[in-house]
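Since the structure comes first, as structure tokens, the remarks are kept for the end.
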């Protein structure tokens, strides 16, 4: 297969690229490095079946030759990033989705949208099934991300009904693993970085709000199953094992072995109170379920952080640079 991965230099995207290559696919990674990082895909760039294009998908996107699948993971995805980049987040949810849908339509390719559990907002139904329409504040501090993804889902659905584009929608829940940035605002990398630095772990509110943590390898497996079929979705992909934020912090501190204390900070506005996916549809229609236990997944993630691969505790949001050209790849290391 020949697969385009938009946002392929990000946390999730780089793992997806790696797995596709391992499965024998040719991968065209498209990223503008607004929040993705070149080092995430540096080990892949020596492969003949991997191509890295620096491109903003809100502009024209054309790929020479056949394309079997377009995987749309392009978007700032952490609170630090999307709140610092609200217009860019909305643009990639709208124009970026349209450009990539048009690419898939021209190529007759399968299109998979990486949507999010944030379309459910602060849910009033628990756990969250795909039939639930959500409880989202359209003008709140998280609205740029929530509504960008909701619009992207609507646009994907319209393309399918109007143009018969072979689309699928996946709603991703609280994924974690190696290559997360320490300062991206999400609980797991924040807690790990604090614990390894010997700092108190900062828990928002009283820590009773819940999340359901899915290890990145499991998430990628779900994406590949969606790509390989014709299911329209939406389909929840996440681990239904629900934990409070305080439980997650205590588990991270214990696994890091640093004895880091817990401290409590004000809870952000519109922070979801609960989050747990109903994965019945994924299990029945994709044969998918998570396999990595949260303790094992956190241990792997902590081990990666200990290597020093994540050096900076601050969020990295580089300035946008001019593209390398309409279809110009970034050279391989040493080229």
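Some notes on this structure:
- Mean Cα-pair separation over length for the stretch 191-251, i.e. relative contact order, pairs under 8 Å, 6 or more apart, %: 49 percent
- Length-normalised contact order of the chain in % [C-alpha pairs under 8 Å, at least 6 apart]: 20 percent
- When the chain is treated as a Gaussian network with alpha carbon springs shorter than 10 Å, the biggest mean-square fluctuation among 176, 120, 132 belongs to 132.
- In the chain, helices alone account for a calculated mean residue ellipticity at 222 nm of -10000 deg cm²/dmol, with every DSSP H run of four or more residues adding -39,500 (n - 2.57).
- 251, 53 arranged by Cβ crowding within 10 Å, fewest neighbours leading: 251, 53
- Computed from Cα atoms, the angle from the helix 97-107 axis to the main principal axis of the chain rounds to 40 degrees.
- Length released on extending from residue 68 to residue 244, taking residue separation times 0.36 nm less the Cα-Cα span: 59.3 nm
- Looking at the stretch 132-278 alone, DSSP beta bridges between its own residues are antiparallel in about 25 percent of cases.
- Relative to one another, the C-alpha centroids of the stretch 202-217 and the stretch 152-201 are positioned 13 Å apart.
- Burial ordering of 116, 280, 244, fewest other beta-carbon atoms within 10 Å first: 280, 244, 116
- Our estimate of slack between residue 151 and residue 303, defined as 0.36 nm per intervening residue step minus the Cα-Cα distance, is 51.0 nm.
- Euclidean distance of C-alpha centroids, the stretch 221-272 and the stretch 76-132, integer Å: 18 Å
- Cα pair count fraction exceeding 16 Å, expressed as % - the stretch 91-146: 55 percent
- GNM top mover of 155, 223, 73 - the chain, alpha-carbon springs below 10 Å: 155
- FRET efficiency for residue 106 and residue 133, using Cβ-Cβ distance with R0 set to 51 Å, rounded to 0.05: 0.95
- Of every Cα-Cα pair in the chain, the percent that sits beyond 28 Å: 37 percent
- Isotropically averaged projected area of the stretch 95-208, using the convex hull of Cα atoms (one quarter of hull area), nm²: 9.3 nm²
- Percent of beta bridges antiparallel (DSSP, the chain, rounded to nearest 5): 10 percent
- Fluctuation leader among 250, 197, 54 - the chain, Gaussian network, Cα springs under 10 angstrom: 197
- Neighbour-count ranking [beta-carbon atoms within 10 angstrom, fewest first] of 48, 218, 23, 270: 48, 23, 270, 218
Values in this text are rule-based calculations from the coordinates and carry no lab data. What you see is a predicted model, and the numbers here were worked out from it, not measured in a lab. With ideal geometry, Cβ positions are generated from the backbone for all residues, glycine too; neighbour counts draw on all protein chains shown.
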